[in-house]
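The next block holds one structure in the form of structure tokens; read it before the comments.
Values in this text are rule-based calculations from the coordinates and carry no lab data. Source: prediction; values computed, not measured. So basically every Cβ, Gly included, is an ideal-geometry build from the backbone, and we count neighbours across all protein chains shown.
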Amino acid sequence: MTPRTFRFFVPVFAVALAVLCSMLIIALSGRDPLLISGKLFRATLASEYGTGQVLFRTTTLVFTGLAVALPFKARLFNIGGEGQLQLAAFAVAVTGALLPVSIPPVMALPLAALAGMTAGGIWGAAAGVLKIRFGVNEVISTIMLNFIAQGVTGYLLNYRFAMPSTEHTAQTGAASMLPSLDHLTGLFAGSPANISLLLAIAAAILAAWYLFRSRAGYELRSVGEQPEAAEYAGIPSGRHIVWIMGAAGAVAGLGALNLVSGYKHYYEAGLTGGFGFSGIAVALLAGAHPLRIVPAALLFGLLEYGGLAVGAYVPKDIFMIIQALTILIVIGFNGLKK
């Protein structure tokens, strides 16, 4: 089996094996696995609203998955997607609320996106700077930056920007709101799926072009695969590390558009819902390939909403088990290949 064929079949086999194991767990809990599977299908892909919910979750997972996949090509592990997304969501919400009512959407939405990308990008680049200047491992720094982001947003929300008698920021102006797919196409009625899904797909395509078709992407991969040879060839590894960590944070920040501009229209505690951490699993399942991020995110979006949809019949933790088993099997098979 060629390496390319192996890389394709490992995730497929891992998902199949994880599903079989989870069906066994459902059976041991006293439920009919086929009955539960049928209910899950009817509540998700067989329902317009359910499909919209899956696509809504998929959208943010594509962004946070890309935030892990991009640095991974330089042998960097970005664990900070949650903090980057959290700060970006806060920045998007506050920006959307502070913009003048008269501003047109063609200006308001780019400004909101820029605010989110800037907040996430600064947080990601900070980990790159810590690595280059002080030798701090990016895994440690991004984990710690997650906690700092949680503290910063919590303080700003509770003591500076929370609306009276509420636990969230002011609502963004109408110009900063993304239209839903229901409004544009009449599909996915009542669901929060919005046009940021198209932005997520475009981001995955652009990331793939950058990594595998551009000179900068080639240099980045060289820094990851052969750092000493890259330095000898005159490729500035430090600059690439800071750049790609910042770019990863900015991409994670784009996911805030889906949550704020396309859904809640304000920031509240818990809005990011662990999407940054789930993005790590998405990237691992996709082998850190940008184009594979999309189907991997779709699978995880299906499992996340499916777990909620059939929560009255089986614990939603079972679907978390499927996600965990999938990643463990992928890692295990990749280890055997080496």
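Got a sec? Which residues in the stretch 9-42 would a label at Ala189 touch, if it sits 7 Å along Cα→Cβ and we count backbone N under 18 Å? Counting only backbone N, you get 42. Close amide H partners of Asn194, meaning residues 5 or more places away or on another chain with modelled amide H under 5 Å apart, are Leu181.
Between Ile148 and Phe9, the distance separating the two model label sites (each 7 Å from Cα on the Cα→Cβ line) works out to 4.6 nm.
In terms of its C-alpha gyration tensor, the stretch 121-236 has an oblate overall shape, because the principal axis ratio a/c (a ≥ b ≥ c, square roots of the eigenvalues) is not below 1.5 and a/b does not outweigh b/c. Within the listed set Glu231, Glu304, Glu138, the residue fluctuating most in the Gaussian network model of the chain (springs between alpha-carbon atoms under 10 angstrom) is Glu231. The peptide list 202-211, 109-118, put in order of mean Cβ contacts within 10 Å with the highest first, becomes 109-118, 202-211. When only the Cβ of Lys, Arg, Asp and Glu is charged (+1, +1, -1, -1), the dipole of the chain relative to its Cα centre reaches about 660 debye. Oblate is the label for the chain, because the ratio a/c of its alpha-carbon gyration tensor axes (a ≥ b ≥ c) is 1.5 or higher and a/b is not greater than b/c. With 0.36 nm allotted per residue and the present C-alpha distance subtracted, the Ala269-Val106 stretch has 55.8 nm of extension available. Mean-square fluctuations from a GNM of the chain, with a 10 angstrom spring cutoff on Cα atoms, peak among Phe90, Phe147, Phe56 at Phe147. The distance from the alpha carbon centre of the stretch 242-295 to that of the stretch 147-185 is 17 Å, rounded to a whole number.
In a DSSP loop and with at most 15 other Cβ atoms within 10 Å, the trypsin sites (Lys or Arg not before Pro) in the stretch 36-78 are Arg75. Comparing mean-square fluctuations of Ser165, Ser37, Ser196 from a GNM of the chain with C-alpha springs under 10 Å, the top value falls on Ser165.
The ranking of Leu199, Leu70, Leu328 from fewest to most other beta carbons within 10 Å of each one's beta carbon is Leu328, Leu199, Leu70. Computed from backbone phi, the HN-Hα couplings of the stretch 112-122 come to 5, 5, 5, 4, x, 5, 5, 4, x, x, 4 Hz, rounded to whole numbers (Karplus: 6.51 cos²θ - 1.76 cosθ + 1.60, θ = phi - 60°; Gly and Pro given as x).
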